[in-house]
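Peer 1: First the structure, then my questions, so here it is.
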Amino acid sequence: MPRHWLMKSEPSEVSIDDLAQAKAQTLPWFGVRNYQARNFMRDEMRVGDGVLFYHSSCDEPGVVGVAEVAHEAYPDPTQFDPKSDYYDAASRREAPRWLLVDVKFRRRLRRTITLDELRQRDDLGDFALTRRGNRLSVLPVTPAQWKIILALE
């Protein structure tokens, strides 16, 4: 049974439009440097899982599109590149610390479902995105939350 996720990206780094315009509409989700988010990708994400594409650190943060996991976790090459903002000198090629998954564009939402709007929804229950202090870039979404969020479109 496919799972559902919310994945955050700053639109100045990678936007939903960048994903839509990428070759085969697929991009690697590079730069994750949080162990819990990495573990979600490594241990739980599977090809075909649904992804809510979320723009963060922008004028109007929110869910802007739908994607899916297109390739299971593999080593993030940016960890080995000293010129990358995501370089990790402690990570070794024979035992990589950081992983990524590939995501594939499915569609852009007709409108942004804003963080403020999501915070006002009691029916989302204990939604990881709206928990105080949660800054993870990869978050699980329940099937019920997935349906509620997409119905807001």
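Peer 1: With Cβ to Cβ distances under 14 Å as the rule, what net charge do the other residues near residue 151 carry (K, R +1; D, E -1)? Walk me through the numbers on the way to the answer.
Peer 2: Details: positive: 110, 111, 121, 147; negative: 117, 123, 153.
After counting each charged neighbour, the total is +1.
Peer 1: Run lengths n ≥ 4 of DSSP H only: what is the helix-derived mean residue ellipticity at 222 nm for the chain, with -39500 (n - 2.57) per run over all residues, to the nearest 500?
Peer 2: Numbers: 4 runs with 25 residues, N = 153.
Calculated from helices alone, the mean residue ellipticity at 222 nm is -4000 deg cm²/dmol.
Peer 1: Right, another one. Sort the following peptides by mean Cβ neighbour count (other Cβ atoms within 10 Å, averaged over residues), highest first: 102-112, 4-14, 81-91. Could you put the intermediate results ahead of the total?
Peer 2: Values: 102-112: 16.8, 4-14: 19.0, 81-91: 11.1.
The densest-packed peptide leads the list: 4-14, 102-112, 81-91.
Peer 1: Oh, and also: With each label point set 7 Å from Cα along the Cα-Cβ vector, what nm distance links residue 84 and residue 36?
Peer 2: 2.4
Peer 1: A follow-up question, please. In whole Å, what is the distance between the alpha-carbon centres of the stretch 1-79 and the stretch 85-153?
Peer 2: 8
Peer 1: Where does the chain land on the Kirkwood hydrodynamic radius, alpha-carbon pairs, in angstrom?
Peer 2: Values: mean 1/r = 0.0632 Å⁻¹.
Kirkwood hydrodynamic radius for the chain: 15.8 Å.
Peer 1: Can you give the FRET efficiency for residue 59 and residue 1, using 1/(1 + (r/R0)^6), R0 = 35 Å, r = Cβ-Cβ distance, to the nearest 0.05? Show your work: numbers first, answer last.
Peer 2: On the way: r = 36 Å, r/R0 = 1.04.
That gives a FRET efficiency of 0.45.
Peer 1: Pop out the carbon and sulfur fraction of the accessible area of the chain as a percent, whole number, probe 1.4 Å.
Peer 2: Values: 3930 of 8410 Å².
The value for the chain is 47 percent carbon and sulfur by accessible area.
Peer 1: Taking only protein heavy atoms and a 1.4 Å probe, what accessible area per residue, in Å², does the chain have with all protein chains in place?
Peer 2: Working: 8410 Å² over 153 residues.
In whole numbers, the chain has 55 Å² accessible per residue.
The values are calculated or read from the model by the stated rules, or taken from the named source; none is laboratory data. Because the structure is a prediction, the values reported are computed rather than measured. Cβ coordinates were reconstructed from backbone atoms using ideal geometry, including for glycine residues, and neighbour counts include every protein chain displayed. Ligands, DNA and RNA are excluded from the accessible area calculation, which covers all protein heavy atoms including side chains. Shrake-Rupley method; radii C 1.70, N 1.55, O 1.52, S 1.80 Å.
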